Amino acid sequence: MATTLNMELARTAGYEIPEGSGSELLIAFRAEEEAISRCLQLIDDLLNRSQESTVAHETLNHRPRSLGRLVTDLQSDVALISVPGEYAAYQAVEAIEAGAHPVIFSDNVSIKNELSLKKQATDLGLLVMGPDCGTVILDGVGLGFANVIPAGPIGLISASGTGAQQVLALCDHAGVGVRHVLGLGGRDLTDEIGGISAHTALAMLEDDPTVEVIGIVAKEVGPSTRELLEDAASKLSTPVVWVPTGDLTDGIAQLLEIANFELPALPVWGSAIERPNGSGRLVGLFSGGTLAVEAQAIAQASGCEAEIVDLGADEYTVGRPHPMIDNTLRLERLAEVSRDETVGTVLLDVVLGHGASPDPAAELQNALGDISVPIFVSLIGTNGDPQNFDSQVNQLTQAGAEVHLSNASATRAAVIR
Amino acid sequence: MEQDGAGLLRNPKISAVGIQLLSDAIRDQGISIADATWQPPREGLALSLSRIAADQRRINANQQAVQAMIEARPEVVGVTTAHQALGLERRQFLHSGPPISWQNASGPLRGALVGALLLEGEAADADEAWRLCEANEIELLPCHSRGAVGPMAGVISASMSLYEVRDEVNQQVAYSNLNEGLGKVLRMGAYSPEVIDRLRWINSQLAPILSEAFARHGPFDVRALLAQSLQMGDEGHNRNRAGSALFLREMSASIAQCDVSSAEISQVFEFINGNEHFVLNMVMPAAKASADAARNIPGSTMVVAMARNGTEFGIQVSGAGDQWFTAPANTPEGILFPGFSNKDINPDIGDSTIMETYGIGGFAMVCAPAIVRFVGGSVELAHQKTHQMYEITLAENPHLQIASLDFRGTPTGIDVAKVVSTQILPAVNTGMAGKEAGIGQVGAGLVEPPMSCFEQALAVVAESGEST
């Protein structure tokens, strides 16, 4: 304390001491002129830091209710938010306030809230991932629906969950690692949001020296947002590749080529050739939204009569789990298909990885066995996925399906039939 | 601001709220992740919370508000009177809490008003005073509306002496009357002759001596006093024993030099020594002067006043101007003086919750193990209370530190959004007044503010953000 005695002692020791009082703190230091402001900053930081943050999380003697408090106490970098949508924006703003990058898994967040969150985060140098963000990988750690893949030279920006998972599946097949997937939510690249998070994500990936190629995959891209992002991308030293959802596989091949790798031949397991020739329409029962969009685009281009349904769309998931977690609704649809003589071919996706059903092939096996027309499956997964990729392939082929790793390749095979 | 992906893209530390399965999937990868124990609040609050989340003013507005309150350095500069400083006239009376009429006033407030009329010589006896009140011959105003605060009934009348507290940092000023001691006192609703005599002695003897002493001593730094007293077992609201002793210690030389008889000086020392809450009426206006600097910041959801009038609990919030958000006051629970029972306790009363608004009192319960019986009897519970308060506050006050929490700053700046989202109510310590006019204090304890005040305030600030 700056008592008369202490100030006298400091003066005797050769310090220049201004006037003070016993209720003030006296801190004396010797420093080069140019280091003084840094010293003052350091003192300020030490005096103002929260003591709680020095405590390891395991020893927190109090389990906070609020996300903001938890982030502050643990100095977390990321806040994963999966509360009901109507509360998600507030939780995200608490995370932003506390200095963490929010990953908003919740859906049903308004455009207005999304826009405001992204603006507030940008002001503080933070990246908002979501809302409705299904897939994120940060330095190899998967959040939400993420496939297991070794770290590698690719950094992905995604506004499409299953689109990103298709990238992961094919990169893994090519032996190329992916270090980050920054999932931004399906609306980020629309002109309403204007790619606010995409711009931040581009800058962050550019700054990461381990990222050699940046991929962008988005379900929906607004024309002016695309223009601005392409402009930003052209100024980076890291190459940026757009992976179009009309043909993900083709885009992934280009992405790999820029990274100096090659996409090997696309694997196929089992065969639908033996099956009676389906003369009716193609029915696609999808759990992944982007995969459904891609299948629709390919079927349409080939002039094939197709009915592609995205069972993960909001209209089907109200009050029940997503088909990537639980196949109940898909099993009902497959049973209908097995009795419907106007169906000539069946196409479906099976998505693996963290967060997905622990054994989707086992759930689907019997229903597929009841179908006599050709069945094509795009199995979106990697060798490291917790479901065991080979066992999923075996169960699906035993049920009579022809299994592809690429959704484009599965769809093409199906439309030819 | 420049984006910094370093924390995000290298070995990120993750917190989560929501679906447990998602956190477990991360744990399965060998990564540690902490879950907040948040649960959705009752239905109907989501709209306000989403609006608040969309309000781009809020983060900065709240930082500005809480920093202004924290950086305030209130000092007692002297003693004045309510007539002189606030222009109070003979039949005008200030009271604690949000606005109220005589008809809705509780026993202790009525008793205090009767006493104040007697003190001012406006009535010859209690019956006449009562009749004047019934006939609406008096004007009632909240202390907060005139830059003042008063403990318990908080009745301030024209002739009463007031401490003047100034904060040079934010250019604020606030006032409170002089503390009368415990038991049969005006602020608890007592108005017997001994009560009125004591008030007359305060005005005629104590106030001039203190006034002279302050003039000699110079401005008295209240924040520095609180910083020390919190480390000496006070929480600054229900326990002011250390603070009162520190005040006397620092001021004794200046008081002793006053040009009055040694008997009169001895009487002052004795009075201060016999009153554990002597300093409360200085720390309260200090807290008010600090909180007032945080008023009227558009978009801020920070509480700038919590106060009770014995009938209603009310709060004011920075982003909602002078509007009060009120709900029926709860009845405190705690320890009663001998001879009283729970049915004697009046609903919550007093402006002293300005201390919790400022981040101490119930918020710093862990500082005052000597009075933990008020909060259920254990030091552990006091710890939990203080830890909970960090969940609903915006900052930690580096000037007021809690020794037993490794000198962590006190939880400061109540955010109505955080209160509503977590459903954690501010912890409030309080004295307990007798229900009937004329009784006085019956004990001390703890009280819960009504959640509805915070929900209403949140809705109004949220609404204001819609139009910006």
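Every number here is computed from the coordinates shown, using simple stated rules; none is lab data. Please read all numbers here as calculations on a predicted model, not as lab measurements. For neighbour counting, all protein chains shown are included, and Cβ atoms are generated from backbone atoms with ideal geometry for every residue, glycine included.
Would you work out if the stretch A:4-48 is rounded, prolate or oblate? Take a ≥ b ≥ c from the square roots of the eigenvalues of the alpha-carbon gyration tensor; rounded if a/c is under 1.5, else prolate when a/b is larger than b/c, oblate otherwise. Oblate is the answer for the stretch A:4-48, as a/c is 1.5 or above yet b/c matches or exceeds a/b. Neighbours of residue A:151, meaning other residues whose beta-carbon lies under 13 angstrom from its beta-carbon, give a summed charge of -2 when Lys and Arg score +1 and Asp and Glu score -1. Which distance in Å, rounded to a whole number, links the C-alpha centroids of the stretch B:23-93 and the stretch B:353-412? Here the two parts' Cα centres lie 16 Å apart. Is the shape of the stretch A:268-416 best called rounded, prolate or oblate, per the rule: a/c under 1.5 gives rounded, else a/b larger than b/c gives prolate, else oblate, with a ≥ b ≥ c the square roots of the Cα gyration tensor eigenvalues? Rounded shape, in that the Cα axes give a/c under 1.5. The residue A:42 and residue B:171 beta-carbon pair, evaluated with R₀ = 30 Å, returns a calculated FRET efficiency of approximately 0.45.
Working note: 222 nm ellipticity from helices only, DSSP H runs with n ≥ 4, each -39,500 (n - 2.57), summed and divided by the residues of chain A, gives -12000 deg cm²/dmol to the nearest 500. As a proxy for reagent exposure, B:453, B:367, B:133 were ordered by neighbouring Cβ count within 10 angstrom, fewest first; the result is B:133, B:453, B:367. Relative to the longest principal axis of chain A, what angle (0 to 90°, nearest 10) does the C-alpha long axis of helix A:36-48 take? Taking the Cα atoms of chain A, the angle to A:36-48 is about 70 degrees. Relative contact order for the stretch A:267-415: 32 percent, from Cα pairs under 8 Å spaced at least 6 residues apart, divided by residue count.
Cβ crowding within 10 Å, taken as a proxy for footprinting-reagent exposure, orders B:214, B:340 from fewest neighbours to most as B:340, B:214.
When only Cα pairs below 8 angstrom with a gap of at least 6 residues are kept, chain B shows a relative contact order of 21 percent. Tell me, what is the FRET efficiency for residue A:35 and residue A:266 to the nearest 0.05, using R0 = 60 angstrom and their Cβ-Cβ distance as r? Working from the Cβ atoms, E equals 0.50. Over the protein assembly as shown, the alpha carbon radius of gyration divided by the compact-protein estimate 2.2 N^0.38 Å works out to 1.18.
A simple spin-label model places the labels of residue B:89 and residue A:274 10.5 nm from each other, with each point 7 Å out along Cα-to-Cβ.
Counting only aspartates and glutamates at least 8 places from residue B:343 when in the same chain, those with an alpha carbon closer than 13 Å to its own are B:333, B:436. The angle between the Cα long axis of helix B:107-119 and the longest principal axis of the Cα atoms of chain B comes to about 40 degrees, rounded to the nearest 10. In order along the stretch B:450-455, the phi-based Karplus estimate (6.51 cos²θ - 1.76 cosθ + 1.60, θ = phi - 60°) of 3J(HN,Hα) comes to x, 4, 4, 4, 6, 5 Hz; Gly and Pro are listed as x. Kirkwood radius for the stretch A:55-132, taken over all pairs of different Cα atoms as the inverse mean of 1/r, rounds to 12.5 Å.
For each pair in A:118/B:288; A:118/B:385; B:288/B:385; A:119/B:418; B:288/B:435, compute the distance between the two Cα atoms and list the pairs where it is over 25 Å.
Among A:118/B:288; A:118/B:385; B:288/B:385; A:119/B:418; B:288/B:435, the Cα-Cα distance tops 25 Å for A:118/B:288; A:118/B:385; B:288/B:435.
For the stretch A:224-235, 3J(HN,Hα) computed residue by residue from phi via the Karplus equation (6.51, -1.76, 1.60; θ = phi - 60°) reads 6, 5, 4, 4, 5, 5, 5, 5, 4, 5, 5, 8 Hz, glycine and proline entered as x. Taking the stretch B:74-284, how much of its Cα-Cα pair set, in percent, is spaced more than 29 angstrom apart? For the stretch B:74-284, the fraction of Cα-Cα distances above 29 Å is 23 percent. Roughly how tilted is helix A:389-398, in degrees to the nearest 10 and between 0 and 90, from the longest Cα axis of chain A? Taking Cα atoms only, the helix is inclined about 20 degrees. Exposure proxy shown here: for A:69, B:131, A:187, the number of other Cβ atoms within 10 Å sets the order, fewest to most, as B:131, A:187, A:69.
Relative contact order for the stretch B:61-204 using alpha-carbon pairs under 8 Å, separation at least 6, rounded to a whole percent?
Numbers: 254 pairs, mean separation 49.9, N = 144.
Here the relative contact order equals 35 percent.
When chain B is described by a simple charge dipole with +1 on each Lys and Arg Cβ and -1 on each Asp and Glu Cβ, the residue from B:325, B:447, B:7 located farthest towards its positive end is B:7. Label sites at residue B:194 and residue B:215, each approximated as a point 7 angstrom past Cα along Cα to Cβ, lie 3.4 nm apart. With the simple model of a label 7 Å out from the Cα in the direction of the Cβ, residue A:235 to residue B:103 spans 6.8 nm. Evaluating 6.51 cos²θ - 1.76 cosθ + 1.60 at θ = phi - 60° for every residue in the stretch A:347-360, the Karplus couplings come out as 10, 8, 10, 10, 9, 9, x, 4, x, 7, 3, x, 8, x Hz, glycine and proline recorded as x. Working note: 222 nm ellipticity from helices only, DSSP H runs with n ≥ 4, each -39,500 (n - 2.57), summed and divided by the residues of chain B, gives -10500 deg cm²/dmol to the nearest 500. Compute the Cα gyration tensor for the stretch B:281-436, then decide on rounded, prolate or oblate, letting a ≥ b ≥ c be the square roots of its eigenvalues: rounded whenever a/c is under 1.5, prolate when a/b is larger than b/c in the other cases, and oblate in all that remain. Here the stretch B:281-436 falls in the oblate category. Dimensions of chain B along the principal axes, based on C-alpha atoms and rounded to the nearest Å, stand at 78, 49, 45, largest first. Taking a point 7 Å out from the Cα of residue A:341 in the direction of its Cβ, the residues of the stretch A:268-287 whose backbone N falls within less than 15 Å of it are A:278-281.
Between residue B:373 and residue B:182, 0.36 nm times their residue separation minus their Cα-Cα distance comes to what? Between residue B:373 and residue B:182, full extension yields 66.9 nm more.
Given the C-alpha centroids of the stretch B:148-206 and the stretch B:273-352, what is the distance between them in whole angstrom? So the two Cα centres are separated by 16 Å.
Evaluated at q = 0.10, 0.11, 0.13, 0.16 Å⁻¹, the base-10 log of the normalised Debye intensity for the stretch B:185-280, with identical point scatterers placed on the Cα atoms, takes the values -0.29, -0.35, -0.49, -0.74.
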